[in-house]
Amino acid sequence: FQMTLANAAIASLGSLRDPLAIVDVGDSAGSHIQYLKALHKERELQCTSVNIDPAAIRRIREKGLQAELAGAEEVGRRGIKADIFLSFEMLEHLESPIQFLRSLSTHASCGALVITVPYVEQSRVGLHHIRHRLRQFRSPETTHIFEFCPSDWRLLCMHAGWKVQKEQLYFQY
């Protein structure tokens with residue numbers, strides 16, 4: 001599903017943009033970048049992964065891929081440039097998803113932003129570890145803060161300056 005969305009974004013930009021810069025924000029392993037490079041051997045893809053976790057950056061670099069240590073909200077302000085920004089299953093982990101979306105829409109120029117988030121029918125605040133009084137350490141990687149329904153994600157994107165061109169639901173089961 002995610003690769004289909006990324007491939008559609010690449011196709012929408014055409015072959016005139018070569019090299020094509022792709023930045024995967026929140027990438028924890030480099031897998032999406034590896035898939036895209038394998039699927040688009042005819043294109044020159046300049047790919048960068050961005051994550052706030054030094055262990056994730058180390059894993060990605062060990063695969064010979066380019067990676068930047070940065071928080072998602074910093075990407076736009078740091079001048080990280082992309083033709084396509086990817087963000088798969090990451091927005092729900094941010095304390096301020098609007099700040100991230102707005103930072104990209106105001107400070108970065110790109111042809112497409114491809115995001116996926118977990119589907120919920122009704123928006124809610126996650127933070128299950130607090131709700132259930134769990135005492136063990138929770139990292140941002142394992143904590144969903146905001147879980148929004150599709151119509152609320154659409155509103156947040158539009159509020160942050162984006163135009164939603166395509167929206168699609170994916171049901172695993």
| Counting only residues that are buried (at least 20 other Cβ atoms within 10 Å of the Cβ) and more than 23 Å from SER31 (Cβ to Cβ), which one in region 98-117 is modelled with the lowest pLDDT? | SER103
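Here is a yes/no grid of residues against (1) within 10 Å of the chain's Cα centre (by Cα); (2) closer than 16 Å to VAL23 by Cα:
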site	(1), (2)
LEU86	yes, yes
GLU89	yes, yes
LEU94	no, no
PRO97	no, no
ALA108	no, yes
GLY126	no, no
| request: Kindly check whether there is at least one residue in region 23-34 that is of a type in the set (A, V, I, L, M) and touching a residue at least 40 places away in the same chain (Cβ under 8 Å). | output: yes
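Give the number of residues within region 11-42 that are over 15 Å from the mean Cα position of the chain (by Cα) and not acidic (Asp, Glu). Give the steps one after another, and end with the answer.
From region 11-42, those over 15 Å from the mean Cα position of the chain (by Cα) are 11-20, 34-35, 37-42; that's our starting set.
Those still in the list that are not acidic (Asp, Glu) too: 11-17, 19-20, 34-35, 37-41.
So the answer is 16.
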| request: Select from region 42-97 the residues that are among the small types (Gly, Ala, Ser), part of a helix (DSSP H, G or I), surrounded by fewer than 21 Cβ atoms within 10 Å (Cβ to Cβ) and in contact with a strand residue (DSSP E or B) (Cβ under 9 Å, 6 or more places away or on another chain) and list them in ascending order. | output: ALA56
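Taking region 1-18, which residues are open to solvent by 50 Å² or more (accessible area, probe 1.4 Å), in contact (Cβ under 8 Å) with a residue 24 or more places away in the chain and either under 12 Å from ILE33 (Cα atoms) or not basic (Lys, Arg) (or both)?
Start the filter on region 1-18 by keeping residues that are open to solvent by 50 Å² or more (accessible area, probe 1.4 Å), which leaves 1, 4, 11-12, 15-18.
Among the residues that remain, those that are also in contact (Cβ under 8 Å) with a residue 24 or more places away in the chain are: 1, 12, 15, 17-18.
Scanning region 1-18 gives PHE1, SER12, SER15, ASP18.
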| Subset of region 133-173 [in a loop (DSSP other than H, G, I, E, B), out of contact with any Leu (no Cβ under 6 Å at 6 or more places or on another chain), touching a residue at least 60 places away in the same chain (Cβ under 8 Å) and under 15 Å from ILE98 (Cα atoms)] | GLY161, TRP162
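The values are calculated or read from the model by the stated rules, or taken from the named source; none is laboratory data. The shown structure was predicted, so the numbers you read here are calculated from the model rather than taken from an experiment. Using ideal geometry, Cβ is built from the backbone for each residue, glycine included, and neighbour counts are taken over all protein chains shown. Ligands, DNA and RNA are excluded from the accessible area calculation, which covers all protein heavy atoms including side chains. Shrake-Rupley method; radii C 1.70, N 1.55, O 1.52, S 1.80 Å.
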